[in-house]
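Since the structure comes first, as structure tokens, the remarks are kept for the end.
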Amino acid sequence: MTDELIRILDGNTFVVSDRRGDIAATATDPTGFFSFDTRFLSRWVLTVDDEPLTSLSTDDLHYFESRFFLVPGAGTVYIDAKLTVIRQRVVESGFREQLTLLNHDDTSIDVRVRIDAGCDFADLFEVKDALQKKGTTAARIENGCLVLAYERDTFRRTTTISSTEPADLDERGLGFAVRIQPHGSWTTELRVVPTVLGPDDLPLVPRPALATPPLRNMLQDLDEWIERAPKLVSDNDSLTATYHRSLVDLAALRFSPIIAGTRSLPAAGLPWFMTMFGRDSILTSLQALPFAAELAATTLRVLGTWQGTRVDDFRDEDPGRILHEMRYGEMTAFEERPHSPYFGSADATPLFVVLLDEYERWTGDADLVRGLEQEARAALRWIDAYANLQGNGYVAYRRRNVETGLENQCWKDSWDSISYHDGRLPGFPRATCELQGYAYDAKRRGARLAREFWNDPAYADELEADAAALKSRFNRDFWVDDGQYYALALDADGAQVDALSSNIGHLLWSGIVDDDKAPAIAEHLLGPRLFSGWGVRTLADGEARYNPIGYHVGTVWPFDNSFIAWGLRRYGFKEEAARVAAGILEAAEFFAGRLPEAFGGYERDLTRYPVQYPTACSPQAWSTGAPLLLLRTMLGLEPTGEHLVVDPAVPVGTGRIELLDIPGRWGHIDAFGRGLVDVGHGR
Amino acid sequence: MKSSTAAFFDEIGRRGHEPLLERVTASVRFDVGDEASVEHRLLRIDRGDIRITSEDVPADCTVTIGDELLDEIIHGRTGAMPAFLRGALLVEGNPEVLVLVQRLFPGHPARVTGAEAADLAGADTESAETASTASTTSAASTTSTASTASTASTASTPSDAGREASGTGGPPQ
């Protein structure tokens, strides 16, 4: 059960073990020690006198560190605790494990301690899809270390295991013959170092600059990260805990891609998605702008560097397109998967421009906006030149890599997420509605950048005219007159895919909704078909495919709701935005402040608590970012010129909140809000 | 160094300026060949202005690579990133420079179907549906649209295009 797994991580290096600290992975089991999308340990089992151990307790000390208290024996009722075993594990480039045995007896004891170690060097894709390896594995003893190695042509990966106490090494692990004095202890530190090898056995990834200490002080780094973020002062303990959890999880999900040096951006989520995703990294950076704007800077720079420049069907690449996903594993290396990078996302490209503009509005960092002018222009060009697959001026998607490309290239990427009211699935290309909103917003924001930073008022005028025309067309072609909402999509024939969905909330965020249509949209979002009491469902009750525990067809996604709340504020629906914020933040309380990717769309009055969707992905970046964006929307934080406007609309149950030292182009500003908005539910 | 590789570098040198590299000021040196014989190509990029020499002097990024593989990468038959990940080439210094320089390389003609035609036809979807690979490629070499793909495609020689379109040497799709 994934719930019982212990995960610690640092960037794209992480360990997933059972509660004893052991790893005994099967081919399809996502446990192990992973780095660069490759499993570097699939077996790591501790025994004492050939007996497995029993877990007494596990401490999650930090996101990068955990401690396991164990006793010998396989979990019989009576545990004779003459011996305690403590494993303290830290992820840090590789991982280190301090192994300590305490003898509680009056006599000395002799025990055999053994760590079984092994590795299948599976690519994460192979774990996901249960595929066979094509190369060969080997184990050897070298310079007092156990080296596990994998080789396929020039592709080479090794895991090097060593200990501070001398060990009896064999190809399947390390053994120690240990004598412990009465009431004494014995300890050793085990080190596991993953290496990605290039030609001449040189490490493939260049070592960090010499100025960087080889082992970061991770605790100090985390303290500094939290110290730099605004302080939240609130009587609401749940909100305070959720905020702290979000900051820590965001720190945990920071990831430095190979080309970013020591700078980091948000990876999408543990365990499958510890890598750069265009959409997830951009949306999380947007959520985090008032709290950690540097994530946006790195996201923009790295995504800009990797921007598509050619037409390549295998990678679904076009000039100007922003990547969907980057991977470093074996299947990517041999081009058996297109993730080097893969570009099959229809929203990342307009959202790239949206983030660039929003980032400048917060930080005043004009240099980055000027530096990325070519990339932003190419992204804007992509919208018209490459995404117009239906020939009607709308952004649409259809994969060209039909083997391993993605079918749905919007955020709702599961197979049945886009359906008509009657449940039929439309053909391709599909133009989902929120993509048009993003394109509209990108053009509007691009116009501001062109006018203010690129010295190109003619281009700005052109973009604004395009945006106005798009908005006008959109409000005609997507509007479902009978239902008074926007269609989920246009199908391959340009006809409406007429389901009612949460996507209409994103349209408010983008500003593409005609003012006279906005009240009907707000009413739907907070109405009984979409609003569960906890949040807005992905698909409305009453649609043929509605299922309260269907991945994109009825569950509530915290990230989705945070952007919907932002959209409601944009159109002046303060109370409605506060209701959404209150629901999601109250749900967070049931998850100890860590919002899952999604939870069930059941009526709140029915279940009384949010039912978690069974998913292995936690923490997930944009769920982590949701409380941050909700804080922004509750306080009504909006950069205007050189100032930050604060216009609070805080739910009654949330009480008074103060967000202190909000960084931005204004220096640091404090924001205050009192809980005055009655949202019905809550305390 | 293969003659098509040398021709590619010559063409880049003649281009002089590349708008896609306007935010780049850096140097990258390709050490091409094997132990028996190594040729160098040093690209000095100054805000998009490119100068190419065959000097063997330090650069921000150095790529050590066999001549066959470099030719494959330049002509889009394999990617520099996957080649890097499988240890087929060595990057020293700042790898971001290599990623940016890849913008100079044309795409894989055999992988180009609808979308480039859509670009050339001003996003006309009908031609995107029907364009054949070979005709798209040759059209790209001769049309001067604003598209970056077509700019880059001018680097591949007609003989290259024919060979690639026949499907040899391409990675699995």
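The values are calculated or read from the model by the stated rules, or taken from the named source; none is laboratory data. Since the structure is predicted, the reported quantities are computational estimates derived from the model, not experimental observations. Please note: Cβ atoms are built from the backbone with ideal geometry, for glycine as well, and neighbour counts cover all protein chains shown.
For the range A:323-340, does any single residue satisfy the condition of being under 15 Å from the mean Cα position of the chain (by Cα) and more than 14 Å from chain B (Cβ to nearest Cβ)?
Scanning the range A:323-340, I find at least one residue that is under 15 Å from the mean Cα position of the chain (by Cα) and more than 14 Å from chain B (Cβ to nearest Cβ), so the answer is yes.
Please go through the range A:355-376 and pick out each residue that is in contact (Cβ under 8 Å) with a residue 24 or more places away in the chain and in contact with a Pro (Cβ under 7 Å, 6 or more places away or on another chain).
Selection gives A:ARG361, A:TRP362.
Looking at the range A:555-566, is at least one residue over 30 Å from A:ALA229 (Cα atoms) and touching a strand residue (DSSP E or B) at 6+ places or on another chain (Cβ under 7 Å)?
yes
What are the residue pairs meeting all of these: first residue in the range A:108-123, first residue closer than 17 Å to A:SER162 by Cα, second residue of a type in the set (S, T, N, Q) and in a loop (DSSP other than H, G, I, E, B), Cβ atoms under 7 Å, and 6 or more apart or on different chains?
Matching pairs, first to second residue: A:GLY118/A:SER42; A:CYS119/A:SER42.
Might you check whether a residue that is among the hydrophobic types (A, V, I, L, M, F, W, C) and assigned to a strand (DSSP E or B) occurs anywhere in the range A:119-131? Give the steps one after another, and end with the answer.
Here is the first cut: in the range A:119-131, the ones among the hydrophobic types (A, V, I, L, M, F, W, C) are A:119, A:121-122, A:124-125, A:127, A:130-131.
Checking which are assigned to a strand (DSSP E or B) leaves us with none.
There is no residue in the range A:119-131 that is among the hydrophobic types (A, V, I, L, M, F, W, C) and assigned to a strand (DSSP E or B).
Filter the range A:1-40 down to residues that are among the small types (Gly, Ala, Ser), crowded, with 24+ Cβ neighbours inside 10 Å and closer than 24 Å to A:SER340 by Cβ and give me whichever is farthest from the chain's Cα centre (by Cα).
A:GLY32
Pull out all pairs, ordered by first then second residue, where Cβ-Cβ is under 6 Å, the residues are six or more apart or on different chains, the first lies in the range A:142-155 and is among the charged types (D, E, K, R), and the second is in a strand (DSSP E or B).
Pairs found: A:GLU151/A:THR136.
Among the residues of the range A:628-683 satisfying the criterion of being of a type in the set (Ser, Thr, Tyr) and at pLDDT 95 or above, which is surrounded by the fewest Cβ atoms within 10 Å (Cβ to Cβ)?
To start, the set of residues in the range A:628-683 that are of a type in the set (Ser, Thr, Tyr) comprises A:633, A:640, A:654.
Retained after the next criterion (residues that are at pLDDT 95 or above): A:633, A:640.
Numbers: A:THR633: 25, A:THR640: 8.
The selected residue is A:THR640.
Quick one: is A:ARG608 surrounded by fewer than 16 Cβ atoms within 10 Å (Cβ to Cβ), within 22 Å of A:PHE591 (Cβ to Cβ) and either of a type outside the set (Ser, Thr, Tyr) or touching a helix residue (DSSP H, G or I) at 6+ places or on another chain (Cβ under 7 Å) (or both)?
Spelling it out, A:ARG608 is indeed surrounded by fewer than 16 Cβ atoms within 10 Å (Cβ to Cβ), within 22 Å of A:PHE591 (Cβ to Cβ) and either of a type outside the set (Ser, Thr, Tyr) or touching a helix residue (DSSP H, G or I) at 6+ places or on another chain (Cβ under 7 Å) (or both).
Any idea which of (1) in contact with a Phe, Trp or Tyr (Cβ under 7 Å, 6 or more places away or on another chain); (2) acidic (Asp, Glu); (3) within 28 Å of A:LEU628 (Cβ to Cβ) is the one A:GLU523 doesn't satisfy?
All conditions are met except number (1).
Pick out the one residue from A:LEU630, A:LEU660, A:LEU676 that is in contact with a helix residue (DSSP H, G or I) (Cβ under 8 Å, 6 or more places away or on another chain), in contact (Cβ under 8 Å) with a residue 60 or more places away in the chain and closer than 20 Å to A:ASP235 by Cα.
Numbers: A:LEU660 fails: in contact with a helix residue (DSSP H, G or I) (Cβ under 8 Å, 6 or more places away or on another chain); A:LEU676 fails: in contact (Cβ under 8 Å) with a residue 60 or more places away in the chain.
Answer to the selection: A:LEU630.
Being facing another protein chain (nearest Cβ under 7 Å) and more than 28 Å from A:GLU336 (Cα to Cα) is the filter; apply it to the range A:379-408 and report the residue that is farthest from the chain's Cα centre (by Cα).
A:GLY391
In the range A:581-594, what residues are assigned to a loop (DSSP other than H, G, I, E, B) and without any contact (Cβ under 8 Å) to a residue 60 or more places away in the chain?
A:PHE591, the sole residue that qualifies.
Take the residues of the range A:263-286 that are polar (S, T, N, Q) and touching a Ser or Thr at 6+ places or on another chain (Cβ under 6 Å): which is surrounded by the most Cβ atoms within 10 Å (Cβ to Cβ)?
Step by step, filter the range A:263-286, then rank; the result is A:SER281.
Out of everything in the range A:241-260 that is among the charged types (D, E, K, R) and outside any strand (DSSP E or B), what residue ends up being farthest from the other protein chains (Cβ to nearest Cβ)?
A:ARG245
So how many residues does the range A:261-296 have that are more than 14 Å from chain B (Cβ to nearest Cβ) and either of a type in the set (Gly, Ala, Ser) or in a loop (DSSP other than H, G, I, E, B) (or both)?
Result for the range A:261-296: 18.
State whether the residues of the range A:459-474 include one that is within 14 Å of chain B (Cβ to nearest Cβ), in contact with a Gly (Cβ under 6 Å, 6 or more places away or on another chain) and not aliphatic (A, V, I, L, M).
No.
How many residues are modelled with pLDDT under 90 and touching a Gly at 6+ places or on another chain (Cβ under 6 Å) if we restrict to the range A:236-255?
Qualifying residue count, the range A:236-255: 1.
Within the set of pairs 6 or more residues apart or between chains, which connect a residue that is on the phi > 0 side of the Ramachandran plot inside the range A:513-534 to a residue that is surrounded by fewer than 23 Cβ atoms within 10 Å (Cβ to Cβ) and not in a loop (DSSP other than H, G, I, E, B) with Cβ atoms less than 9 Å apart?
Matching pairs, first to second residue: A:GLY533/A:ARG604; A:GLY533/A:ASP605; A:GLY533/A:LEU606.
Can you work out which of the residues in the range A:420-441 that are buried (at least 24 other Cβ atoms within 10 Å of the Cβ) and aliphatic (A, V, I, L, M) is nearest to A:ALA396 (Cα to Cα)?
Applying the filter and picking the extreme gives A:ALA431.
Sort out which residues of the range B:49-103 are within 12 Å of chain A (Cβ to nearest Cβ), surrounded by fewer than 19 Cβ atoms within 10 Å (Cβ to Cβ) and aliphatic (A, V, I, L, M), and write them in order of number.
Answer for the range B:49-103, where residues must be within 12 Å of chain A (Cβ to nearest Cβ), surrounded by fewer than 19 Cβ atoms within 10 Å (Cβ to Cβ) and aliphatic (A, V, I, L, M): B:LEU69, B:LEU90.
Working carefully through the options A:LEU70, A:LEU61, A:LEU56, find the one that is assigned to a strand (DSSP E or B) and within 23 Å of A:ASP221 (Cα to Cα).
A:LEU61
Out of A:LEU83, A:LEU61, A:LEU46, report the one residue that is over 22 Å from A:VAL147 (Cβ atoms) and buried (at least 17 other Cβ atoms within 10 Å of the Cβ).
Sole residue among the options that is over 22 Å from A:VAL147 (Cβ atoms) and buried (at least 17 other Cβ atoms within 10 Å of the Cβ): A:LEU83.
How many of the residues in the range B:17-48 are assigned to a strand (DSSP E or B), within 14 Å of another protein chain (Cβ to nearest Cβ) and over 20 Å from A:GLY304 (Cβ atoms)?
Count: 5.
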